[in-house]
Amino acid sequence: MIASRIIADAVPSGLQLTRNKKKIDMKKLLTAIVVLLAISLQVSAYNQVRLVINDGISNHQLKEKMERAVSFVMTEINRSNEGNLKKLELPESYITKEAKESLNKLWENDRFSCMEDEVVERCLTTYTGYQVRGIPLIVKAAQGDEELGYQEAVVNFDEKGVITSFYYTINPELYSQLRMSQMVDKRFEVTELKDRMMILDYVEHFRTSYNQKDLKFLRQVFSDDALIITGKVIKVRKSEVTPSGNKVVYTTQTKQQYLDNLSRAFKSNSYIKVAFDNVVIVEHPTIKGIYGVTVHQRWNSSRYSDEGYVFMVWDFRNPDAPQIHVRTWQPDYIDKEHGQKLNPNDVFTLGDFDL
Amino acid sequence: MKRTTTILMLLCMVLTAGALDKRQTQINSIKKSKEYLYSDITMRTPEDATSQALDLLHQEILAWASDRVDKEIDNYPSPVEINKVIDTIMVRRADMYRVFAYVKKFNLIPLFNKWDMVLLEDYDTDEGNVSEDIHEDEEIIIPEEPKDSVVGEKIRALLKNNFLGKKGGVIEQIKKAKNFFELKQIMEPLKEKGEITDYGKYATAEKPEDCYLVVYDPAGNIKAILGKGENVRQNLKTGKDDSIKNYRGCGAIWFTINEK
């Protein structure tokens, strides 16, 4: 209504135009277009988000409850982002206290918003309840205006449909591949699928804990005698063994040394973005519950960036408190200038460690 | 002048936002409908996203098909055959590319025609509400109520394609490519089968006038398929006269058909 009035004011009739030859009031026309733009973009203070679960759950009541919970939480996140609020206020009927605290920890470091009004996703059944993946987010650093790009969120629910966690996903196609392999290979046991989903769930929690700067979780997840190995490229004299003149040397750290270094990195960087892709999970051939997890990691922080392979030995023998016994990092490139990549055969695997 | 430019820019923003919103609505409509299988991938490059989305949808199709028969399936259709019935939508998501690949289950009937009855059940349980503009995009219209034959017009239309000459068949297959990346996936098998004798980038064509051309824009979207000729070529999508000169700033892939 207001828009049409402004347009009517701004654009004179053809008769007036020919009779008076007046110039169109450009200012008013510009205002009219801005109003139209605002209407067409459906600009409001923030996006209202609606989750629609299209598959994977037959209990209609539970499905609606999960949809309501995510819709409310995401809309609240958008509202808080728009208002630059320092804390997310979320009711415990939709999200557990622990999940809310964890989400607020992420919020202290990253600011994000859901970019779409309607999100349509499948529901997956997990070992503790349900899961919805693929919620599209635009992320920026909480301090400063650094854009951290696109991320997808994964939301876990308990059996009653209450949100129990909110993490950034590992590369989105991985879960689909996991789901597909389960469907294609009839021999794939559902119990094993559940184990693998549990591992990926922890890997996602682990990955998000760097964004959250959550030293408490990292201290809890690394075993006390964890072996931490970090590779570094150094220049050496060219020889038959090192034709590029570059060599990777490895240094070991204890859990405490690693966490101390990490704590310093958390303090000195306004933001840390860790992304995992190409996740490979291998089960130990003889020890049930031990898994080797290899990921390609992209580390991007306000002061430093790198890409490399992270290999971890995860121990799920106590599924309530899984632990990491080994973590290694190796650079993507031995000689980036000349495009010489690390030989894939040199990436650590489960077979490299005596357990 | 400055004001006019500003106004034009604002109008462009309105139109772009509208188009994005329409594609988003279309994707959500398909996801909500049980008539479709789909994959939805967001990755750092359009090539990775396209390849991953197609790969996942292939797996989804094969899994869906194998769920509908008790015995082991030994005659899966080839990826090229599957690609013919797949459509894709690409949109930017901040610094990444989203590729949504989808296929109507009904369109899989020609590939898996022994499962007609099961496919009908899929339709009976459909609760989705797909917007009409999706149907407008399809090249072959599916009858709303299949009568004596489950296969209906869709299969008849596809069978008709098989009776076209070799040239028509090749062109029809190439027309299915929506972008540069899908094109390569279609071209290579055609070359292996000997249906096209060769293909390459425009600059490498020895006698361009003897080659068919697939024209693509800088984003990799296919803009036109042009027949042989020098200045004037037939646009094989519209049937009208066209020229390579009408596609400044675009690239082209040439190919030659084995017409023996």
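Derivation of every value follows stated rules applied to the coordinates shown; laboratory data play no part. The structure presented is a predicted model; accordingly, all values stated were derived computationally and were not measured. Here Cβ is always computed from backbone atoms with ideal geometry, including for glycine, and neighbour counts include all displayed protein chains.
Restricting the calculation to Cα atoms, the range A:306-355 shows an Rg/Rh of 1.12 when the hydrodynamic-style radius is the Kirkwood one. One decimal place: the segment B:E206-B:K34 gains 57.0 nm when fully extended, by the rule 0.36 nm per residue minus the C-alpha distance. Given axes a ≥ b ≥ c from the Cα gyration tensor, I'd like to know whether the range A:50-169 is rounded (a/c under 1.5), prolate (a/b larger than b/c) or oblate. Note, shape of the range A:50-169 comes out prolate. For the range A:70-128, the Kirkwood estimate of hydrodynamic radius, built from reciprocal distances between every pair of different alpha carbons, is 12.6 Å. Within the shell defined by Cβ-Cβ distances under 12 Å, the residues around B:A205 carry a net charge of -1, with Lys and Arg each +1 and Asp and Glu each -1. Legend: mean number of C-beta atoms from other chains within 10 angstrom of residue C-beta atoms, peptide B:31-41, equals 3.
Modelled spin labels at A:K232 and A:Q340, positioned 7 Å past Cα toward Cβ, are 2.0 nm from each other. Given the pairs A:K235/A:K336; A:K100/A:K213; A:K65/B:K34; B:K31/B:K178; B:K184/B:K223; A:K238/A:K336, which span a C-alpha to C-alpha distance of over 18 angstrom in this model? Where the Cα-Cα span goes over 18 Å, the pairs concerned are A:K65/B:K34; B:K31/B:K178. Of the chymotrypsin sites (Phe, Trp or Tyr not before Pro) found in the range A:234-333, those in coil by DSSP whose Cβ has at most 12 other Cβ atoms within 10 Å are A:Y304.
Rounded to whole numbers, the Karplus 3J(HN,Hα) couplings from phi for the range A:249-258 are 10, 10, 10, 9, 9, 7, 4, 5, 4, 4 Hz, using 6.51 cos²θ - 1.76 cosθ + 1.60 with θ = phi - 60°, and x at Gly and Pro. If R0 equals 30 Å, the separation of the Cβ atoms of A:K216 and A:D145 corresponds to a calculated FRET efficiency of about 0.55. State the Kirkwood hydrodynamic radius of the range B:190-257 in Å, one decimal place, computed from all pairs of distinct Cα atoms. 12.1 Å is the Kirkwood radius here. The Stokes-Einstein estimate for the range A:215-352, based on a Kirkwood radius over Cα pairs and taken at 20 °C with 1.002 mPa s viscosity, is a diffusion coefficient of 131 µm²/s. Modelled label positions at A:T286 and A:T31, each set 7 Å beyond Cα in the direction of Cβ, lie 8.2 nm from each other. Using the Cβ-Cβ distance between A:S268 and A:Y127 with R0 = 30 Å, the FRET efficiency computed as 1/(1 + (r/R0)^6) comes to roughly 0.20.
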